[in-house]
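Worksheet: one structure, shown below.
The values are calculated or read from the model by the stated rules, or taken from the named source; none is laboratory data. Everything numeric in this text was worked out from a predicted model, so none of it was measured. Cβ sites come from the backbone with ideal geometry, for glycine too, and all protein chains shown count toward neighbours.
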Amino acid sequence: MIERIVFSGSGGQGLMFVGKLFANIMVDKVDNITFFPSYGSEVRGGTAHCQVIMSSEEIASPIIEHADSLIMMNQPSTDRFMPVLTEDGVAIINSSLVAPLDDKRVIYIPASDMGLEAGDERSANIVMFGAFLRYKKFLTLEEAKEHVLKTSVARMGQKGADINLKAFQAGWDFS
C-alpha cells in the first residue's frame, strides 16, 4: 500500500495545518509516513504545499513525483500539481477559487463558500479535509471529528473548534 498526497494553496489558507494534522492522525495507523512541507518566498499569500506519503514499505524519498491525491485550494496550485496526478488519482479542488477543468479525476467543492457558511472563510481548509477523508475512507467520521476537535480547541479555543467541526461536517457531507 502506498498513498502519495499533495496539499496545496496560498500561504495562510491552512494547507500545512491540514497536511500535518493528517500525518499526525495517520502515524499510528500506517507503517511508514512522511510529511514534507514547502513554503514559497512569502509565507502568507505566497504558494505553500506539503506532501504526505503513507506506505507499508519503507519510503525512499519524501518528494512526490506522482500523486495519488491532490487537495488544491487555489488556481496556481492546481496548475502546478495536476500534471503529477496519476491516471487513477483524485483531485479535490476548491471550486470557489479555481476554474473548472475537463477532467474526470476532479471533485469540485466550493470550500471557501462553505467555510464562510460554517462561520469563517478560513475554515475552507477543514471543509476540504472533511471531503478528502470521506472520499478516501482513511478514518471513520467519529475518529476524524475527534482529531479535528482536539486540535482545533488547542489552537483556536472552543469557538474556533465549533466552526471547524461545522466546516468539517459540511465537507464530509458534500462528497
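Some observations on this one:
- Of all the listed residues (PRO110, PRO100, PRO83), the sole one being out of contact with any helix residue (DSSP H, G or I) (no Cβ under 8 Å at 6 or more places or on another chain), closer than 17 Å to GLN13 by Cα and not hydroxyl-bearing (Ser, Thr, Tyr) is PRO110.
- Taken across the range 24-34, residues that are at pLDDT below 95, within 26 Å of HIS147 (Cα to Cα) and basic (Lys, Arg) do occur, with at least one present.
- The range 24-43 residues that are over 10 Å from MET54 (Cα atoms), paired with ones that are among the polar types (S, T, N, Q) and at pLDDT 90 or above (beta carbon under 6 Å, 6 or more apart): PHE36/GLN51
- Within the range 116-162, if we keep just the residues that are of a type in the set (Val, Ile, Thr) and within 17 Å of the chain's Cα centre (by Cα), the residue that is farthest from MET26 (Cα to Cα) turns out to be VAL127.
- Only one entry in ARG105, ARG80 is within 20 Å of ARG4 (Cβ to Cβ), basic (Lys, Arg) and modelled with pLDDT of 95 or more, namely ARG105.
- GLN13 vs. criteria more than 19 Å from ASP103 (Cβ to Cβ), surrounded by 18 or more Cβ atoms within 10 Å (Cβ to Cβ), at pLDDT 95 or above and not acidic (Asp, Glu): no
- Residue satisfying all of: in the range 115-155; touching a Ser or Thr at 6+ places or on another chain (Cβ under 7 Å) and surrounded by fewer than 22 Cβ atoms within 10 Å (Cβ to Cβ); nearest to SER95 (Cα to Cα) among these: GLU121
- Scanning the range 84-94 for residues that are more than 10 Å from MET72 (Cβ to Cβ) and in contact with a Phe, Trp or Tyr (Cβ under 9 Å, 6 or more places away or on another chain) yields a single hit, VAL90.
- Residue among SER77, SER56, SER61, SER69 that is touching a helix residue (DSSP H, G or I) at 6+ places or on another chain (Cβ under 9 Å), farther than 16 Å from MET16 by Cβ and small (Gly, Ala, Ser): SER69
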